[in-house]
């Protein structure tokens, strides 16, 4: 009996993915609405396939991937997200994901990815990236972003969205002090003096 776990904080997305997985022969499809619940469900249910978003409350998707991999269960992980592939695809691969597709892709792409993963292969379709001339500032920012840790990238995204240290800490299960330390580090790395400037950096680089 094939079993799947769908992880997304939007019920409509979970319902749509669940429908597709049922059509693809998964007898049992369980759901989780946040990262912490996802890890718990994976431990309890030992699913054959996990379909998850990266941007979630409590634990971000990259951390969820790593924790599920650490469970040493025979599961395949497919990332289904609206976040920028150029920023996250390699990070997901490094964390242990076996596939990556965008939410703007059609359901046929989701079905194809599921079939490929369940056949034992990985699914990272080639992404056409346009050749765009970038300013020196943007290129420097891109280099800094590339060298950010996964946690730094997630915190940058939250800060750029206007969330407070406490809100970010609560969603990532980290202390207010820890978030403050990361914020200071990000300001230094991008050589800016305010969260508003960090938000502008994030927008220029498609983080938000």
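The values are calculated or read from the model by the stated rules, or taken from the named source; none is laboratory data. Since this is a predicted model, take the numbers as computed values, not measurements. Don't worry about glycine lacking a Cβ; one is built from the backbone with ideal geometry, like all the others, and counts go over all protein chains shown.
Hey, does segment 55-74 have a residue that's under 17 Å from residue 18 (Cβ atoms), outside any loop (DSSP other than H, G, I, E, B) and within 13 Å of the chain's Cα centre (by Cα)?
Initial filter on segment 55-74 (under 17 Å from residue 18 (Cβ atoms)): 56.
In the following step, the residues that additionally are outside any loop (DSSP other than H, G, I, E, B) were identified as none.
No - not one qualifying residue is present in segment 55-74.
Could you tell me which numbered condition residue 111 fails, if it satisfies all but one of (1) out of contact with any strand residue (DSSP E or B) (no Cβ under 6 Å at 6 or more places or on another chain); (2) within 23 Å of residue 6 (Cα to Cα); (3) surrounded by 15 or more Cβ atoms within 10 Å (Cβ to Cβ); (4) modelled with pLDDT of 90 or more?
(3)
Can you confirm whether residue 49 is over 10 Å from the mean Cα position of the chain (by Cα), under 27 Å from residue 174 (Cα atoms), modelled with pLDDT of 95 or more and crowded, with 22+ Cβ neighbours inside 10 Å? Spell out how you get there, then give the answer.
Values: over 10 Å from the mean Cα position of the chain (by Cα): yes; under 27 Å from residue 174 (Cα atoms): no; modelled with pLDDT of 95 or more: yes; crowded, with 22+ Cβ neighbours inside 10 Å: yes.
In short, no.
Could you grab me the full set of residues in segment 189-208 that are without any contact (Cβ under 8 Å) to a residue 60 or more places away in the chain and assigned to a loop (DSSP other than H, G, I, E, B)? Step through it out loud before you land on a result.
First, the residues of segment 189-208 that are without any contact (Cβ under 8 Å) to a residue 60 or more places away in the chain: 189-200, 202-203, 208.
Scanning segment 189-208 gives 191, 192, 193, 194, 208.
With the requirement that a residue be crowded, with 20+ Cβ neighbours inside 10 Å and in contact (Cβ under 8 Å) with a residue 40 or more places away in the chain, what does segment 158-188 give you?
Passing the criteria: 159, 160, 172.
For segment 31-38, indicate whether the set of residues that are in a helix (DSSP H, G or I), in contact (Cβ under 8 Å) with a residue 12 or more places away in the chain, buried (at least 22 other Cβ atoms within 10 Å of the Cβ) and in contact with a helix residue (DSSP H, G or I) (Cβ under 8 Å, 6 or more places away or on another chain) is non-empty. Spell out the reasoning first.
First, the residues of segment 31-38 that are in a helix (DSSP H, G or I): 35-38.
From the residues that got through so far, the ones that are in contact (Cβ under 8 Å) with a residue 12 or more places away in the chain too are 35-38.
If we keep only those that are buried (at least 22 other Cβ atoms within 10 Å of the Cβ) too, we end up with 35, 38.
If we keep only those that are in contact with a helix residue (DSSP H, G or I) (Cβ under 8 Å, 6 or more places away or on another chain) as well, we get 35, 38.
Within segment 31-38, one or more residues are in a helix (DSSP H, G or I), in contact (Cβ under 8 Å) with a residue 12 or more places away in the chain, buried (at least 22 other Cβ atoms within 10 Å of the Cβ) and in contact with a helix residue (DSSP H, G or I) (Cβ under 8 Å, 6 or more places away or on another chain).
Scan segment 77-97 and give yes if some residue there is farther than 19 Å from residue 150 by Cα and surrounded by fewer than 13 Cβ atoms within 10 Å (Cβ to Cβ), otherwise no. Step through it out loud before you land on a result.
Pass one, segment 77-97, residues farther than 19 Å from residue 150 by Cα: none.
The answer is no, given that none of the residues of segment 77-97 is farther than 19 Å from residue 150 by Cα and surrounded by fewer than 13 Cβ atoms within 10 Å (Cβ to Cβ).
Hey, can you tell me all the residues within segment 116-145 that are closer than 17 Å to residue 90 by Cα, in a helix (DSSP H, G or I) and modelled with pLDDT under 85?
142, 143 - these are the residues of segment 116-145 that are closer than 17 Å to residue 90 by Cα, in a helix (DSSP H, G or I) and modelled with pLDDT under 85.
Could you list, in sequence order, all residues of segment 1-25 that are within 15 Å of residue 118 (Cα to Cα), part of a helix (DSSP H, G or I) and touching a strand residue (DSSP E or B) at 6+ places or on another chain (Cβ under 8 Å)?
21, 22
Table: residues versus (1) assigned by TED's automatic domain parsing to the domain that holds residue 148; (2) in contact with a helix residue (DSSP H, G or I) (Cβ under 6 Å, 6 or more places away or on another chain); (3) over 27 Å from residue 170 (Cβ atoms); (4) in contact (Cβ under 8 Å) with a residue 60 or more places away in the chain.
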position: 21; (1), (2), (3), (4): no, no, yes, yes
position: 65; (1), (2), (3), (4): no, yes, no, no
position: 68; (1), (2), (3), (4): no, yes, no, no
position: 96; (1), (2), (3), (4): no, yes, no, no
position: 103; (1), (2), (3), (4): no, no, no, yes
